[in-house]
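Okay, structure first, notes after.
The values are calculated or read from the model by the stated rules, or taken from the named source; none is laboratory data. What you are looking at is a predicted structure, and each value in this text was computed from that prediction instead of being measured. Here the Cβ positions follow ideal geometry from the backbone for every residue, glycine too, while neighbour counts run over all protein chains shown.
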Amino acid sequence: MPSDSDKPVGPVISVQDVCITYRTTFEKSPTLKDAVLRLGRRERSVREVEAVKNVSFDVPQGSVLGIIGSNGAGKSTLVRAIAGILPPTTGRIVVRGKVSTLLALGVGFNAAISGRENVLLGGLAAGYSRAEIADKYEEIAGFAELGDFMDLPMRTYSSGMFSRLAFAVAVHMEPDILLVDEALSAGDAKFKEKAAAKMAELVGQARTMILVSHALGTVRDMCNDAIWMNKGRLMIRSEPQHVINEYTRFVNVGESAYTLEDV
């Protein structure tokens, strides 16, 4: 049992006035006159996209925070910043604890090598020794239920098989914080139920989770806290049902079988 000195002081995740701006280039189609003057060369222009705008919130240990919003709301960008993949343009993010990520289907996997070899790579990246990974391997493989496919190149896997192995690796690395971004959308119903039970087990161990999902029913059932983002801004933070009500009212769809589940 951890002593009081081992327990995190304050929130395990603190997002402090974070802004994230992308700089992208695009080609402008020239007029006939401009094309003649530049001998047909296209002019490249730079555009700034404010993906996250002045977002602040804290996440306490053992909390399950759902993040919802339309495509382009900044949800995935924000979670990637929390994971340490994207640096904030301004502001500060503090994360206390070991993070495991399920940010997109198969991210971090090498499709040219086998599932077994990818488990090894994932474990090494998480800081485990080869011996420690060997001890965890049977548990990971058993959870993923891929059988002989574990020894085949992952390019032979279906999207659902990718999803199952990615999830199995992430949750068995004993994370303090689990970040999930639509990573289970390709899984079948049976595996989604199994995954939900595993995530509930992690939460029961006082682990912390952030779940980005368009499946509002999953957010409602699994989370004890929720955020709605729109065009990079945090619109509201409250208990999940209230946030879902405000979001669905805003987009004028209401709760239905289509908005509450993956489509």
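The set of residues in the stretch 66-90 being among the hydroxyl-bearing types (Ser, Thr, Tyr) and over 15 Å from residue 22 (Cα atoms) consists of 70 alone. Contact map, the stretch 65-80: first residue within 12 Å of residue 231 (Cβ to Cβ) and of a type in the set (A, V, I, L, M), second residue at pLDDT 90 or above and buried (at least 19 other Cβ atoms within 10 Å of the Cβ), Cβ cut-off under 8 Å, separation 6 or more or different chains; pairs are 73/229; 73/232.
Being crowded, with 19+ Cβ neighbours inside 10 Å, in contact with a Phe, Trp or Tyr (Cβ under 9 Å, 6 or more places away or on another chain) and of a type outside the set (S, T, N, Q) holds for only one residue in 81, 111, 73, and it is 73. When every residue of the stretch 22-34 is checked against the conditions, at least one turns out to be surrounded by 14 or more Cβ atoms within 10 Å (Cβ to Cβ) and either in contact with a helix residue (DSSP H, G or I) (Cβ under 9 Å, 6 or more places away or on another chain) or at pLDDT 90 or above (or both).
Do you know which residues across the stretch 170-210 are outside any helix (DSSP H, G or I), at pLDDT 85 or above and farther than 17 Å from residue 97 by Cα? Passing the criteria: only 181.
Yes/no matrix, rows are residues, columns are (1) more than 30 Å from residue 74 (Cα to Cα); (2) loosely packed, with under 15 Cβ neighbours inside 10 Å; (3) of a type in the set (D, E, K, R):
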| position | (1), (2), (3) |
| --- | --- |
| 92 | no, yes, yes |
| 97 | no, yes, no |
| 100 | no, no, no |
| 103 | no, no, no |
| 116 | yes, no, yes |
| 124 | yes, yes, no |
| 129 | yes, yes, no |
| 132 | yes, yes, yes |
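Exactly one residue among 143, 162, 167 is among the aromatic types (Phe, Trp, Tyr), in a helix (DSSP H, G or I) and in contact with a strand residue (DSSP E or B) (Cβ under 8 Å, 6 or more places away or on another chain), and that residue is 167.
When the stretch 99-136 is limited to residues that are modelled with pLDDT under 85, in contact with a strand residue (DSSP E or B) (Cβ under 6 Å, 6 or more places away or on another chain) and of a type in the set (A, V, I, L, M, F, W, C), the one that is nearest to residue 80 (Cα to Cα) turns out to be 103. Residues of the stretch 151-181 being over 20 Å from residue 127 (Cβ atoms) and surrounded by fewer than 19 Cβ atoms within 10 Å (Cβ to Cβ), which ones? 151, 152, 153, 155, 156, 158, 159, 160, listed by residue number. Only one of the numbered conditions (1) touching a residue at least 60 places away in the same chain (Cβ under 8 Å); (2) surrounded by fewer than 18 Cβ atoms within 10 Å (Cβ to Cβ); (3) touching a strand residue (DSSP E or B) at 6+ places or on another chain (Cβ under 7 Å) is not met by residue 206, and that is (3).
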